[in-house]
Structure formats: C-alpha cells, structure tokens
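Notes follow the structure.
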Amino acid sequence: MALRHAVLAALLDGEASGYELAKTFDLGVANFWYAQPQQLYAELTRLEKDGLISGREIVQDNRPNKRVFRVTDTGLAELDDFAAASAKPSFVRDDLMVKVRTVDHVDPATLIARLAERAAFAQAKVDLFERMLRTMRGDLPEDDFLRDGERIGPYLTCLRGLAFERGNRDWCHTTIATLRAREAARARR
C-alpha cells in the first residue's frame, strides 16, 4: 500500500484541509498507516496533480484562507483498483520486541520499565479507540450499527486497532509478570 491510498481512504469522509487530514490520520488512520504531516501535505500535492483529488480554496475572515480536498471519480476508481488487488501480509518491526529478545543478557528491570511504558501507551490507545467506536455508532448497539450503519469502514478499522492495542497491552503485562516471576524465583535460590 502506498500513502496515496491511505490519504484517499481518509478523504472518503468528505472534504478536508491538510490540517484536518493530519488530525484524521493521527486519530483514525495511524493505527494502520503512519505518516508525518509534511508527508501528507506532499502527498496531497501529488494526488491533486494526478487528478485523484481536487482542491478548492475557502476564504476565511480573521484567519488565513485554507484549501480543502475531496476525492474525484478518478480517485474513487484508483481506490476500487486498490481494493481489488491482493493484500500483502503485514509484518511487525518493533524495537521493543528486539529488546525483549535480549532479556537473557541484559538487566530485566530496564525492560520491565520499557514494557510498562508500552502497556500504558497501548491502554491510552484502547481508551481512545473505545471512545471513537462509541461516537461512531451513537446510540446503536454494535451489532445493529454493523448491520445497518451508513459507513462502517472506519468502524471496522477502528475495531482492528482496538484489538491490536489490547493485544499489545496484554502481551506487555504478561511479559512483565513473567520477568518478575523469573526474578523472584532466582532470588529464592
């Protein structure tokens, strides 16, 4: 997947400025595709040049004017082609995993601290995803929303982000408990 597809998908919710797109990425897209704001602005320029999005300027009083973008029919066709293509399996690149792999040769207390930080970060993301899901479905029970909701793509990706972060949090807690139990067993010997 290229950044272009993630940007096009983020713009399916309607017109957005570069700033609004960066906020959308930070909240709803970063769980599966990370991009820095300057990458997003550069991609918007390329997408507009390629005719996949169109931009228009909005004149604002007491603020600088802003440009907002929307997906064109050509952009929708690009997303259709993208959705039809086989998806590549994902893989994990995580420096914390490499650090844990070294646990038999380094001070476990340091790793426990890093794991606790990651668990706290994951919990914050879990809380965020749960709030986002509640906001998206409103008063509807989840099953009803998934069956009848107008736009469920963002909801489904948010569910995956929630499961991912719960998995991260739980793995960190299990790993911390394992390392502490091993240390306690060694201390008793």
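The values are calculated or read from the model by the stated rules, or taken from the named source; none is laboratory data. Just so you know, these numbers come straight off a predicted model, no measurement behind them. We place every Cβ from the backbone using ideal geometry, glycine too, and count neighbours over all the protein chains shown.
Miscellaneous remarks
Residue-by-condition table, conditions (1) touching a helix residue (DSSP H, G or I) at 6+ places or on another chain (Cβ under 9 Å); (2) touching a residue at least 24 places away in the same chain (Cβ under 8 Å):
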| site | (1), (2) |
| --- | --- |
| VAL100 | yes, yes |
| LEU128 | yes, yes |
| GLY138 | yes, no |
| ASP143 | no, no |
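- All conditions but one from (1) exposed (fewer than 14 other Cβ atoms within 10 Å of the Cβ); (2) more than 21 Å from the chain's Cα centre (by Cα); (3) closer than 24 Å to LYS125 by Cβ apply to GLY153; the one that does not is (2).
- No other residue among VAL103, VAL126 is closer than 28 Å to SER90 by Cα, touching a Ser or Thr at 6+ places or on another chain (Cβ under 9 Å) and of a type in the set (Val, Ile, Thr) apart from VAL103.
- Only residues that are at pLDDT 95 or above and assigned to a loop (DSSP other than H, G, I, E, B) were counted across the range 141-164, and they come to 1.
- Every residue from the range 132-189 that is hydroxyl-bearing (Ser, Thr, Tyr) and closer than 24 Å to LEU12 by Cα: THR135, TYR155, THR157
- Any hit, the range 180-187, residues being assigned to a helix (DSSP H, G or I), out of contact with any strand residue (DSSP E or B) (no Cβ under 6 Å at 6 or more places or on another chain), buried (at least 16 other Cβ atoms within 10 Å of the Cβ) and not β-branched (Val, Ile, Thr): no
- Residue under evaluation ASP61, criteria (1) buried (at least 19 other Cβ atoms within 10 Å of the Cβ); (2) assigned to a loop (DSSP other than H, G, I, E, B); (3) acidic (Asp, Glu), criterion not met: (1)
- Filter pass, GLY167 being outside the structural domain of PHE25 (by TED's automatic domain parsing), assigned to a helix (DSSP H, G or I), among the small types (Gly, Ala, Ser) and in contact (Cβ under 8 Å) with a residue 12 or more places away in the chain: no
- Single residue of the range 103-141 satisfying the filter (loosely packed, with under 13 Cβ neighbours inside 10 Å and aliphatic (A, V, I, L, M)) that is farthest from THR178 (Cα to Cα): ALA124
- Test: LYS23 is among the charged types (D, E, K, R) and at pLDDT 95 or above: no
- Within the range 26-69, the set of residues being among the β-branched types (Val, Ile, Thr) and at pLDDT 90 or above comprises THR45, ILE53, ILE58, VAL59, VAL68.
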